[in-house]
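Chemist: Structure in structure tokens, see below.
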Amino acid sequence: MSVSATSEGSPSQFTSAGQEPTVQPPQSTEIPKTSPQALKYLDEIVPEEDFKYVMFDDQLVTVSDAGKELGEFTVTVEPTRYKGLECFLIHANSHGSIDGVPCGTSIVCYVSKCLETLEQQHHEYVKLDNCPLDRKTFLVRQSDNYTINRVITQGEDVQRTTKNIPVEQMRGFVSEGSNLLLHRLLIEKRMDDDLQFISFDSDTNLCPVIYKGLDERTQTVEDVELRVYGVERTINSTVDLPTTWQSYFMNDGHLTNRVQVGSPVTMKLAKVPVRIERDEETPKPVFEKKQLNWEEDMQMHSRFVDRKEELKGDHATYMRHHPELRALLADFLQFLLLRKPDDVIAFAADYFSAFSTSMPDPSPFLASNAPTPFPASRTNTRIDELRAPTR
């Protein structure tokens, strides 16, 4: 049974098949963090706009430096739901044969609309005759932490390990699956400066990952010259040498070229894909605000006069049909001028409350017991007259 040092800064013993996996302790070294610029980039993502044109398929061929075709590389991105949450399903496959040895990688990843990895299955294999290697990594987000399970099979030796990382330490984490979506987003929503996120190295150690833009260039595919835009990704492992990939894309996000720096193998576009058509958005009309002087505008002034006369006639007709209104207002004004109250509003409220059918009627003036200049019999008679229907 072998012992390997693959935990973050501390040795961890794997177990053989059939035994319980060893739970690795939290890393004791300094934890890398996402840069403020990268966090701002994530915060400014508008899913309805920025992810509108990133759901399509990519298909490339893998070739050696001598031009020999070795395999293929495919990526699909589609909308789905994960435990009731709207997200993206990313499926990537790379299979081929190098020097007669079959090898490949497959990724199935669920990514939220804020680029947070919800779950990922990462499978790598190399089918050597003497000692085949198979490595599986399963990542899942729990309520308060991420759980990472690994199973490495080398020949008959099976090694397992499990570790947990708090969610707060994984802010800005980019998995292998979300990295494929982020690349498309970086073409759709260009970055102004280099962005530092965090990711895993080959041994699932948390480490900084830097994204930077590359100069535009021309790539020929099927005798068609394409203008492509590049993004460089560098994982700065804390226990190993940095690893760098360079990827180039068409302006609609289709991947045209992908290579790991120093590797003799390159992934290239063999057939020009159908370009993603953009919806033409009609710009909203802008109406300048004009200063309106209706008194000098003959048409507006004429409409004003007509409306004024119309209202005056309507009001006069209403008062002719309700003669009690004129008598009521005359009595109120006469009483108001006799009493001369300081608070006219309160006085009017008390006065007209006597005419309300929803108020008790022990006295015509509920708020004052002061003597009135009118005899009681005259006041009550006047109120009865106003309440009587018009003949």
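The values are calculated or read from the model by the stated rules, or taken from the named source; none is laboratory data. Since the model is a prediction, treat every value here as computed from it, not as a measurement. Backbone-built Cβ (ideal geometry, glycine too); neighbour counts: all protein chains shown. Note: areas computed on protein heavy atoms with side chains; ligands, DNA, RNA excluded. Shrake-Rupley method; radii C 1.70, N 1.55, O 1.52, S 1.80 Å.
One line per residue, one yes/no per condition, for (1) assigned to a loop (DSSP other than H, G, I, E, B); (2) under 30 Å from residue 98 (Cβ atoms); (3) among the polar types (S, T, N, Q); (4) open to solvent by 50 Å² or more (accessible area, probe 1.4 Å):
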{"position": "258", "(1), (2), (3), (4)": "no, yes, no, no"}
{"position": "289", "(1), (2), (3), (4)": "yes, no, no, yes"}
{"position": "301", "(1), (2), (3), (4)": "no, no, no, yes"}
{"position": "309", "(1), (2), (3), (4)": "no, no, no, yes"}
{"position": "330", "(1), (2), (3), (4)": "no, no, no, yes"}
{"position": "336", "(1), (2), (3), (4)": "no, no, no, no"}
{"position": "356", "(1), (2), (3), (4)": "yes, no, yes, no"}
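Chemist: Read through the list (1) farther than 18 Å from residue 73 by Cα; (2) among the small types (Gly, Ala, Ser); (3) part of a strand (DSSP E or B), then give the number of the only condition that residue 247 fails.
Modeler: (1)
Chemist: Of the residues 295, 280, which is within 34 Å of the chain's Cα centre (by Cα), of a type in the set (D, E, K, R) and either surrounded by fewer than 11 Cβ atoms within 10 Å (Cβ to Cβ) or closer than 30 Å to residue 191 by Cβ (or both)? Reasoning before the result, please.
Modeler: Details: 295 fails: within 34 Å of the chain's Cα centre (by Cα).
So the residue among 295, 280 that is within 34 Å of the chain's Cα centre (by Cα), of a type in the set (D, E, K, R) and either surrounded by fewer than 11 Cβ atoms within 10 Å (Cβ to Cβ) or closer than 30 Å to residue 191 by Cβ (or both) is 280.
Chemist: I'd like to verify a number: residues in the stretch 68-88 that are surrounded by fewer than 18 Cβ atoms within 10 Å (Cβ to Cβ) and of a type outside the set (Asp, Glu), how many?
Modeler: Let us first name the residues in the stretch 68-88 that are surrounded by fewer than 18 Cβ atoms within 10 Å (Cβ to Cβ), namely 68-69, 72, 74, 76, 78-86.
Subsequent filtering for residues that are of a type outside the set (Asp, Glu) retains 68, 74, 76, 79-85.
Qualifying residue count for the region: 10.
Chemist: May I pose another question? Please work out which one of (1) surrounded by fewer than 18 Cβ atoms within 10 Å (Cβ to Cβ); (2) not in a strand (DSSP E or B) is the condition residue 108 fails and give its number.
Modeler: Going through (1) surrounded by fewer than 18 Cβ atoms within 10 Å (Cβ to Cβ); (2) not in a strand (DSSP E or B) one by one, residue 108 breaks only (2).
Chemist: Looking at the stretch 219-243 only, could you name the residues that are more than 17 Å from residue 32 (Cβ to Cβ), among the β-branched types (Val, Ile, Thr) and at pLDDT 95 or above? Reasoning before the result, please.
Modeler: Quick first cut of the stretch 219-243, residues more than 17 Å from residue 32 (Cβ to Cβ) only: 219-232.
If we keep only those that are among the β-branched types (Val, Ile, Thr) too, we end up with 220-221, 224, 228, 231.
Those that are more than 17 Å from residue 32 (Cβ to Cβ), among the β-branched types (Val, Ile, Thr) and at pLDDT 95 or above: 228, 231.
Chemist: Next question. Tally up the residues in the stretch 175-218 that are of a type in the set (A, V, I, L, M, F, W, C) and under 29 Å from residue 152 (Cα atoms), please. Reasoning before the result, please.
Modeler: If we filter the stretch 175-218 for residues that are of a type in the set (A, V, I, L, M, F, W, C), which is where we start, we get 180-182, 185-187, 191, 195, 197-198, 200, 206-207, 209-210, 214.
Now drop any that are not under 29 Å from residue 152 (Cα atoms), which leaves 180-182, 197-198, 200, 206-207, 209-210.
Result for the stretch 175-218: 10.
Chemist: Further question: Is there any pair linking a residue in the stretch 347-366 that is closer than 20 Å to residue 333 by Cβ and modelled with pLDDT of 55 or more to one that is part of a loop (DSSP other than H, G, I, E, B) and acidic (Asp, Glu), with Cβ under 8 Å and at least six apart or on different chains, and which?
Modeler: Note: pairs meeting the criteria are 354/361.
Chemist: Considering the stretch 93-123 alone, what residues qualify as being of a type in the set (D, E, K, R) and either in contact with a Leu (Cβ under 8 Å, 6 or more places away or on another chain) or free of Cβ contacts under 8 Å to residues at least 12 places away in the same chain (or both)?
Modeler: First, pick out the residues of the stretch 93-123 that are of a type in the set (D, E, K, R): 99, 113, 116, 119.
Listed by number, the residues that qualify are 99, 119.
Chemist: Determine if the stretch 253-260 includes at least one residue that is in contact (Cβ under 8 Å) with a residue 60 or more places away in the chain, among the basic types (Lys, Arg) and over 24 Å from residue 70 (Cα atoms).
Modeler: no
Chemist: Same structure, new question: From the list 158, 151, exactly one residue is at pLDDT below 95, of a type in the set (A, V, I, L, M), in a strand (DSSP E or B) and open to solvent by less than 50 Å² (accessible area, probe 1.4 Å). Which is it? Working first, answer last.
Modeler: Details: 151 fails: at pLDDT below 95.
Result: 158 is the single residue among 158, 151 that is at pLDDT below 95, of a type in the set (A, V, I, L, M), in a strand (DSSP E or B) and open to solvent by less than 50 Å² (accessible area, probe 1.4 Å).
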